[in-house]
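Here's the structure we're looking at; comments come further down.
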Amino acid sequence: MPTSESTAPRRGPLSRFTILDATRVRAGPTAVRTFADLGARVIKLEIPPGAPGGDDMIGSRDHNRADYENLHRNKESLTLNMKEPEGLTVLQELVKTADVFIENYRPDVKHRLGIGPEQLRAINPRLVYASISGFGQDGPYANWPGFDSIAQGMGGLMSVTGKSGEGPMRVGIPITDLCSGHFCAQAIMAALLEREVSGEGQWVQTSLLESQIAMLDFQAAQWLIDHKVPKSTGNEHPLTVPTGVFPTSDGYLNLAAIGQTMWKRLCEALEVPHLVQEPGFGSDPERVLNRDSVNAAIGAAFKTRSTAEWTERLLKAGVPCGPINTVDQVFDDPQVKHLGIARPMHHPELGDIEVVGLPMQFSRYPRSEGPLQPAPHQGDQTDAILAGLGYSPERIAALRDKFVI
């Protein structure tokens, strides 16, 4: 049943903005979710049932229900076939009062559909038009299909991930998609802030490839400035030793003893103070060169106590460390519970569930009071949105009969 979500009052720091969401899969929906969680009105544009080109890709409701609920909460759904002239007319009406239009089609698709930045910003010059692509809006790879794992490989991440000598390794989450979404959201917010000065919107862009390269951070600097090609070092930091994962008597401990001061504190806490004076262990550069010997020397000590014992002991000594949790252990952790990042939500079909909330806090906008509505079914708000544009029930029914909506 259609809901009245489109007319419900909204609250939050971005509640005055309306976002038109023509994205799918993960990078685009991640960007849009930020706005929805911060109170913006988000209208998710979906291909109508029965129209060609329906979404059966990863991230669709039928593919992974849990993922879909987490990605598309707090949104409204409008089914709209923008390939049809009447569907394009509906979009143009929505654009007149929208603040943002975001898409992640292949670069040529929006221009063929007549919904590129030039066309939509001609209707509303204040519109911020946002695009996420795989490899950029132009150039030799512009029309390649963009997927997270491909960009991880082409952007250098897989070459520095995994154990040395074991070949490239993909990161365990779609990190490139997620970062592209977050970078896109930052670009949109910057453009909205600039609009307050200029009075005009603009076209902002990012790509999976650019986002992944930006996330290389100090690994990129090693090449660009020092002309050194970074190598994979597994769980260890490439520039400082000792860091990484060490077996304990009952599991594993994650260690980050960075710098000389931390090294001395670690040796004292492990009751091996003589290692501070050990030849080849006297500085970070020396320890990097003798990585295996350093790790073997302290690794023997770690096996004598449990993870909990070492965690308490090292933290008391001021050495950064922590356990390595499985996902269920993450959400059972007392600090995670205290932070309240797992938000309870009642779902009409799934019952009482939890989703991951925004990883940010506002003093006048508590996360626990932010909007939290289940992801809509396809077309839930179609009638209400079109009625808001002045469409009569008869006209809406006619559009549905023609698979325009």
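Could you grab me the full set of residues in segment 254-270 that are under 32 Å from the mean Cα position of the chain (by Cα) and not small (Gly, Ala, Ser)? Within segment 254-270, Asn254, Leu255, Ile258 meet the criteria. The residues in segment 295-325 that are under 36 Å from the mean Cα position of the chain (by Cα) and among the β-branched types (Val, Ile, Thr) can be counted, and the count is 4. Within segment 143-151, none of the residues are farther than 30 Å from Gly172 by Cβ and in contact (Cβ under 8 Å) with a residue 12 or more places away in the chain. Only residues that are among the acidic types (Asp, Glu) and either more than 15 Å from Ala257 (Cα to Cα) or outside the structural domain of Leu253 (by TED's automatic domain parsing) (or both) were counted in segment 285-300, giving 1. Does Asp380 satisfy the criteria of being under 22 Å from Ala31 (Cβ atoms) and acidic (Asp, Glu)? Yes; evaluated as a whole, the condition is true for this residue. Within segment 200-211, is there a residue that is touching a residue at least 40 places away in the same chain (Cβ under 8 Å) and exposed (fewer than 15 other Cβ atoms within 10 Å of the Cβ)? Taking every residue of segment 200-211 in turn, at least one turns out to be touching a residue at least 40 places away in the same chain (Cβ under 8 Å) and exposed (fewer than 15 other Cβ atoms within 10 Å of the Cβ). Cβ-Cβ distances below 8 Å connect the following pairs, each with a first residue in segment 347-372 that is basic (Lys, Arg), a second residue that is in a strand (DSSP E or B), and a separation of six or more residues or different chains: Arg367/Arg343. Looking at segment 186-280, the strands (runs of 3 or more DSSP E) lying wholly inside it that each contain 1 or more residues that are over 27 Å from Thr326 (Cβ atoms), at pLDDT 95 or above and in contact with a helix residue (DSSP H, G or I) (Cβ under 9 Å, 6 or more places away or on another chain) sit at 203-207.
Checking each residue in segment 313-329 for being part of a helix (DSSP H, G or I) and out of contact with any Pro (no Cβ under 9 Å at 6 or more places or on another chain) picks out Arg313, Leu315, Lys316, Val327, Asp328.
Of the residues making up segment 322-346, those that are without any contact (Cβ under 8 Å) to a residue 60 or more places away in the chain and among the aliphatic types (A, V, I, L, M) are Val327, Val330, Val336, Leu339, Ile341, Ala342. For segment 108-124, check the following and say yes or no: at least one residue is small (Gly, Ala, Ser) and on the phi > 0 side of the Ramachandran plot. Yes, segment 108-124 contains at least one residue that is small (Gly, Ala, Ser) and on the phi > 0 side of the Ramachandran plot. Filter segment 134-189 down to the residues that are charged (D, E, K, R) and within 15 Å of the chain's Cα centre (by Cα), then identify the one that is farthest from Ala27 (Cα to Cα). Selected residue: Asp148. Of all the numbered requirements in (1) in contact with a Ser or Thr (Cβ under 8 Å, 6 or more places away or on another chain); (2) part of a loop (DSSP other than H, G, I, E, B); (3) aromatic (Phe, Trp, Tyr), Trp144 misses one, and that requirement is (1).
For segment 330-349, the condition of being out of contact with any helix residue (DSSP H, G or I) (no Cβ under 9 Å at 6 or more places or on another chain) and assigned to a strand (DSSP E or B) holds for at least one residue. Taking Gln378, is it within 30 Å of Tyr252 (Cβ to Cβ) and out of contact with any helix residue (DSSP H, G or I) (no Cβ under 9 Å at 6 or more places or on another chain)? No: the conditions fail for Gln378. Which residues, taken from segment 153-199, are polar (S, T, N, Q), within 22 Å of Arg33 (Cα to Cα) and touching a residue at least 12 places away in the same chain (Cβ under 8 Å)? Across segment 153-199, the qualifying residues are Thr176, Ser180. Being in the same structural domain as Gly12 (by TED's automatic domain parsing) and in a loop (DSSP other than H, G, I, E, B) is the requirement here; does Gly379 meet it? Considered against the rule, which asks whether it is in the same structural domain as Gly12 (by TED's automatic domain parsing) and in a loop (DSSP other than H, G, I, E, B), Gly379 comes out as yes. For Glu86, the test of being at pLDDT 85 or above, surrounded by fewer than 23 Cβ atoms within 10 Å (Cβ to Cβ) and acidic (Asp, Glu) is passed.
The values are calculated or read from the model by the stated rules, or taken from the named source; none is laboratory data. In this text the structure is predicted, and so the values were computed from the model without any measurement. Virtual Cβ from ideal backbone geometry, glycine too; neighbours counted across all protein chains shown.
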